[in-house]
Amino acid sequence: MSERTRDKGKPTVSRRDFLAKSALGAGAAAALGATSTTAMAADAAPNMPAIRVGDEFTKSLSEAPISFEFGGDKGLSGAEVFARACKAEGLAALFCCPGNYTVINSISAAGIPAYGGRIEDIMCAAADGFSRITGEVAATSGTEGPGFTNMIMSIASADRAHSPVLVLASNMAMSNEDRVGGIQQMYQQPTTEGIKKYGKRITIPNRVHEYAAYAFRQLKSGVPGPVHLDFPSEVSGARFKDASELKDFYDKSRYRTECVAHPAPKDVAKAVEMIQKAERPMIVAGQGVFFHKGWEALQRLAEKNEIAVVESGPVRGHFGDEHRLSANLAADALGSADLVIFVGQYLMPSVGEYRFNPDVKAIRVHPIAEDLGRNWPLDLGIVADEKAALEAFADAVPKRTRATWVSELAAARKKFEDQNDEYFALGLKYSQQTGTVHPAVTGKLMADFLYRGGIPKEQTTYVQGGWTGAGYTRRWMRAYRPGQFNNAPYQYYPIGPDVGHLLGAGAAMQLGIGPQKAYQGSPAFGFTGDAGIAYSVMEFDTITKYKLPVIMTVHNNNAWGMITAANTVRSAHMYLFQENLRYDKIAEALGARGEYVTTPDQYKAALQRAYDAAAREKVATLINVQSSRQFLTNTFPPGAQPRNVEPGVTAYSH
Amino acid sequence: MKRDDEIEIIRASLAHYATRGAFRSFSEVPGRPGKLEFRFLWFRDVTFRVTYEAAARTLTFVDFLPAVPARSPMDSELRRFIRGRSASSLPDHRRVDLKKVGLAVTNRRGAISLLFSLKAAHIEYGVKKSVHLAYDVLMDFLNESQYVEYNINHFNLNPEMA
């Protein structure tokens with residue numbers, strides 16, 4: 001039931017109607033302590049059963065967890081040994097689809113928060129999205145064969161984002177290998193070649209704990225990345241009476257270390273010398289600063305010596321956009337830097353991909369030596385943990401002011417924001433001309449609501465998805481604290497798993513994990529396109545049944561964003577959808593709220609209603625913002641490509 | 001300063017950008033006395049050609065932008081952009097000081113070349129500013145939305161990413 005004030009003569013549904021139907025829905029049930037058997041927030045015609053969360057779902061979710069320890073009569077299965085290790089390692093969450101049954105059942109039984117969804121790939125994206133904004137390890141799982149291969153896009157995306165995602169999948173029985181006797185059989189590990197940090201088909205049952213140790217050693221050390229384990233049934237189903245039947249069964253304090261590399265004093269001295277010689281130094285603070293919790297040291301270093309900071313990578317907020325030394329919005333100042341210090345930049349650009357000048361000197365801090373010097377010639381390479389290096393630099397640099405540099409940053413920020421205002425003014429004009437909403441307007445209004453309205457600007461998290469619309473919205477969205485912004489398509493640029501990333505963000509907010517703890521229960525917002533939503537909209541079922549407080553804006557322009565490539569005869573039809581499709585109705589049919597808007601004012605009102613429903617009732621909303629593909633053409637300049645500069649707020653490649 | 005010394009400064013100044021990873025596959029093409037020619041990959045791995053006429057102290061980015069019709073809007077916008085790079089409102093480190101290096105733009109049969117007249121006292125400055133200005137054109141001027149197709153057609157922009 002959409003809230004709409006203008007819908008070509010169709011009946012409208014009021015806020016009162018919505019509340020009457022949804023007040024007893026799943027989200028409201030949680031808020032009011034009602035049972036879960038009441039009606040969900042969708043239209044229910046007479047005699048038509050209402051959408052609802054079943055009793056068994058709620059009962060299952062509220063069951064007490066099990067502590068898997070040896071000592072009982074039955075011992076433990078391989079799956080239970082693995083789940084026990086995951087619990088001991090603090091695995092933060094599991095996002096899965098059925099399959100790999102014994103493993104996912106054991107992980108959930110161990111008390112690790114588990115979310116069961118509809119599409120393996122999107123649940124893998126949820127694990128990635130969760131990891132990106134919490135910095136914690138999340139697992140994903142699917143069945144062998146089709147379930148596993150369905151995950152490939154999001155495994156690759158997690159790999160490019162260097163997310164510590166534990167990819168799990170069952171894989172038939174070894175006893176049946178090469179017999180073509182069963183369904184779904186395939187070798188998984190070659191399929192993830194090049195898109196994982198580590199992988200193993202576990203083939204020796206009594207080494208299951210050893211390989212759990214392998215996995216977490218890789219996930220929690222150095223530069224993170226996905227780890228892929230596949231479990232033949234002989235491993236997950238094996239039984240062990242006591243720990244002596246397992247090889248290498250010992251605690252995490254013995255199979256991995258929390259020790260990290262610290263910079264050598266001579267390298268710190270050299271770095272300080274270079275910083276002091278520089279007039280306009282700039283730190284590129286990549287995701288490693290976030291994952292290794294270096295943001296306080298970063299701020300101390302930057303402020304002590306007045307060094308500019310620009311963020312890069314899939315997650316933003318570890319320095320923040322409004323700091324006077326932030327260059328996130330200061331695109332035109334990037335070219336002025338005479339020294340760049342890459343810290344935690346895991347995926348190095350080549351010279352020319354970042355908007356620094358050709359003479360800029362470069363220091364890079366990285367946890368492992370093998371990547372230093374790759375793509376970007378260095379004046380100084382330092383092997384160190386990001387936090388350790390930033391602390392050492394902050395201790396060693398003298399206090400210094402750089403008034404001219406700070407002024408230049410401020411001027412560049414103003415220029416960027418003035419350009420945004422110009423795009424917004426154009427967008428408003430275009431919106432009025434067409435009766436649809438330009439994405440520059442969507443971005444500005446969403447930013448006004450999240451950062452300049454009635455809620456604290458640090459409260460929510462944001463998932464930036466989409467393609468052409470993203471070129472306008474990304475430049476408006478901000479990060480004021482660590483883990484606030486997930487650049488979902490970062491580097492690999494998958495179109496589609498955005499709802500998965502939002503699901504992961506919603507779970508992180510629901511659970512209050514990592515830097516989200518201070519904002520537990522607050523809504524997560526997202527943006528995607530009408531191409532992207534089609535891949536993942538079914539997870540609104542998952543979002544709704546787990547009562548995740550999320551709001552997704554869908555930029556609906558009736559076409560693939562790449563419609564601009566339809567530049568020959570008989571090509572356009574391949575890029576076009578039916579016009580005026582109603583993604584809000586799909587969300588409603590899945591038990592969530594739907595909003596349909598065609599004007600800026602309607603969008604503003606819809607954001608407020610959606611926020612209220614998410615924050616107070618834990619009911620999710622999909623806002624279908626009707627736009628026009630004509631905005632991508634030169635009839636409406638700047639068309640499909642507003643100016644984009646990396647690194648900083650408009651970045652997505654590195 | 002002797003002309004030979006100036007030539008060595010030109011060589012070293014351009015080779016410097018190869019060591020910084022900016023120019024790739026950098027090479028000097030053998031030429032007649034008094035004229036240097038360098039070729040290298042830059043900006044999306046497009047081949048660029050730079051010449052230096054020692055007698056006139058002229059450094060030229062030859063056929064820097066192809067397929068720009070004379071008196072076209074793009075030609076005009078480019079000239080306006082380049083004039084802007086010597087504006088007094090820019091900080092010193094971003095401005096081309098025309099007292100130290102002369103600057104001209106030519107368009108021959110649709111190919112834009114950038115000509116820098118170096119001065120004996122400011123050879124290094126002139127080379128550095130020429131590279132920076134050319135880079136500004138590639139990174140900023142061509143980054144405007146109206147040049148997406150131009151980038152696809154002439155500067156290896158992957159249409160999948162456009």
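The values are calculated or read from the model by the stated rules, or taken from the named source; none is laboratory data. Just so you know, these numbers come straight off a predicted model, no measurement behind them. Positions of Cβ are generated from backbone atoms using ideal geometry, with glycine treated the same way; all protein chains shown enter the neighbour counts. Keep in mind that these areas ignore ligands, DNA and RNA; they rest on the heavy atoms of the full protein, side chains included. Shrake-Rupley method; radii C 1.70, N 1.55, O 1.52, S 1.80 Å.
For the reader, a short list of remarks on this structure follows.
- Count - residues of the stretch A:69-106 that are touching a helix residue (DSSP H, G or I) at 6+ places or on another chain (Cβ under 7 Å) and within 16 Å of A:Gly147 (Cβ to Cβ): 7
- Scope the stretch A:54-84; condition under 18 Å from A:Pro113 (Cα atoms) and either among the polar types (S, T, N, Q) or assigned to a loop (DSSP other than H, G, I, E, B) (or both); matching residues: A:Thr58, A:Ser60, A:Ser62, A:Glu63, A:Ala64, A:Pro65, A:Ile66, A:Ser67, A:Phe68
- Of the numbered criteria (1) in contact with a Phe, Trp or Tyr (Cβ under 6 Å, 6 or more places away or on another chain); (2) open to solvent by 40 Å² or more (accessible area, probe 1.4 Å), the one A:Lys197 fails is (1).
- Contact map, the stretch A:249-273: first residue under 17 Å from A:Glu210 (Cβ atoms), second residue open to solvent by less than 40 Å² (accessible area, probe 1.4 Å) and charged (D, E, K, R), Cβ cut-off under 7 Å, separation 6 or more or different chains; pairs are A:Lys252/A:Glu89.
- Close pairs from the stretch B:80-101: first within 18 Å of A:Lys415 (Cα to Cα), partner aliphatic (A, V, I, L, M) and modelled with pLDDT of 95 or more, Cβ under 6 Å, at least 6 apart: B:Arg85/B:Val96; B:Arg85/B:Leu133
- The set of residues from the stretch A:249-279 being among the hydroxyl-bearing types (Ser, Thr, Tyr) and surrounded by 17 or more Cβ atoms within 10 Å (Cβ to Cβ) comprises just one member, A:Tyr255.
- Options A:Ser154, A:Ser131; residue that is part of a helix (DSSP H, G or I) and closer than 18 Å to A:Phe216 by Cβ: A:Ser131
- Close pairs (9 angstrom Cβ cut-off, 6 or more residues apart or separate chains): small (Gly, Ala, Ser) in the stretch A:291-315, open to solvent by 60 Å² or more (accessible area, probe 1.4 Å) anywhere: A:Gly294/A:Lys387; A:Gly294/A:Glu391; A:Ala297/A:Lys387; A:Ala297/A:Glu391
Conditions (1) touching a residue at least 12 places away in the same chain (Cβ under 8 Å); (2) more than 14 Å from every other protein chain (Cβ to nearest Cβ); (3) over 23 Å from the mean Cα position of the chain (by Cα); (4) closer than 24 Å to A:Phe424 by Cβ, marked per residue:
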| residue | (1), (2), (3), (4) |
| --- | --- |
| A:Leu548 | yes, yes, no, no |
| A:Asn557 | yes, yes, yes, yes |
| A:Met574 | no, yes, yes, no |
| A:Leu607 | yes, yes, no, yes |
| A:Arg616 | yes, yes, yes, no |
| A:Asn624 | yes, yes, no, yes |
| A:Thr635 | no, no, yes, yes |
| A:Val645 | yes, no, no, yes |
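- Pairs meeting the criteria (first residue in the stretch A:174-190 and in contact (Cβ under 8 Å) with a residue 60 or more places away in the chain, second residue surrounded by 10 or more Cβ atoms within 10 Å (Cβ to Cβ), beta carbons under 7 Å, at least 6 apart or on different chains) are A:Met174/A:Thr203; A:Met174/A:Pro232; A:Met174/A:Glu234.
- Those residues of the stretch A:394-434 which are among the hydrophobic types (A, V, I, L, M, F, W, C) and within 30 Å of A:Arg474 (Cβ to Cβ), in sequence order: A:Trp405, A:Val406, A:Leu409, A:Ala410, A:Ala411, A:Ala412, A:Phe416, A:Phe424, A:Ala425, A:Leu426, A:Leu428
- Matching residues, the stretch A:346-374, being open to solvent by 30 Å² or more (accessible area, probe 1.4 Å), within 13 Å of another protein chain (Cβ to nearest Cβ) and β-branched (Val, Ile, Thr): A:Val351
- Check on A:Glu353, outside any strand (DSSP E or B), of a type in the set (Asp, Glu) and within 24 Å of A:Asp395 (Cα to Cα): no
- In the stretch A:618-651, the residues that are open to solvent by 30 Å² or more (accessible area, probe 1.4 Å) and either touching a strand residue (DSSP E or B) at 6+ places or on another chain (Cβ under 6 Å) or part of a helix (DSSP H, G or I) (or both): A:Arg629, A:Gln630
- The stretch A:104-128, residues that are in a helix (DSSP H, G or I), among the charged types (D, E, K, R) and over 12 Å from the mean Cα position of the chain (by Cα): A:Glu120, A:Asp121
- Only listed residue being within 30 Å of A:Gln464 (Cα to Cα) and among the charged types (D, E, K, R), chosen from A:Glu303, A:Glu279, A:Glu258: A:Glu303
- Candidates A:Val406, A:Val343 - the one that is of a type in the set (Val, Ile, Thr) and more than 14 Å from chain B (Cβ to nearest Cβ): A:Val343
- Among residues of the stretch A:377-400, those that are in contact with a Gly (Cβ under 6 Å, 6 or more places away or on another chain) and in a loop (DSSP other than H, G, I, E, B), counted: 1
- Across the stretch A:309-328, the number of residues qualifying as farther than 28 Å from A:Ser157 by Cα and either within 14 Å of chain B (Cβ to nearest Cβ) or of a type outside the set (A, V, I, L, M, F, W, C) (or both) comes to 3.
Table: residues versus (1) in contact with a Gly (Cβ under 8 Å, 6 or more places away or on another chain); (2) under 26 Å from A:Thr461 (Cα atoms).
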{"site": "A:Ala605", "(1), (2)": "no, yes"}
{"site": "A:Asp612", "(1), (2)": "no, yes"}
{"site": "A:Val625", "(1), (2)": "no, yes"}
{"site": "A:Ser628", "(1), (2)": "no, no"}
{"site": "A:Pro642", "(1), (2)": "yes, yes"}
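- On inspection, A:Asn150 does not qualify as touching a strand residue (DSSP E or B) at 6+ places or on another chain (Cβ under 8 Å) and over 26 Å from A:Gln491 (Cα atoms).
- A:Gly639 falls short of the stated requirement of being closer than 15 Å to A:Gly471 by Cα and away from every other protein chain (no Cβ under 12 Å).
- Boolean, A:Glu422 is open to solvent by 50 Å² or more (accessible area, probe 1.4 Å) and within 28 Å of the chain's Cα centre (by Cα): no
- Reported count of residues in the stretch A:589-617, each being in contact with an Asp or Glu (Cβ under 7 Å, 6 or more places away or on another chain), assigned to a helix (DSSP H, G or I) and open to solvent by 10 Å² or more (accessible area, probe 1.4 Å), is 1.
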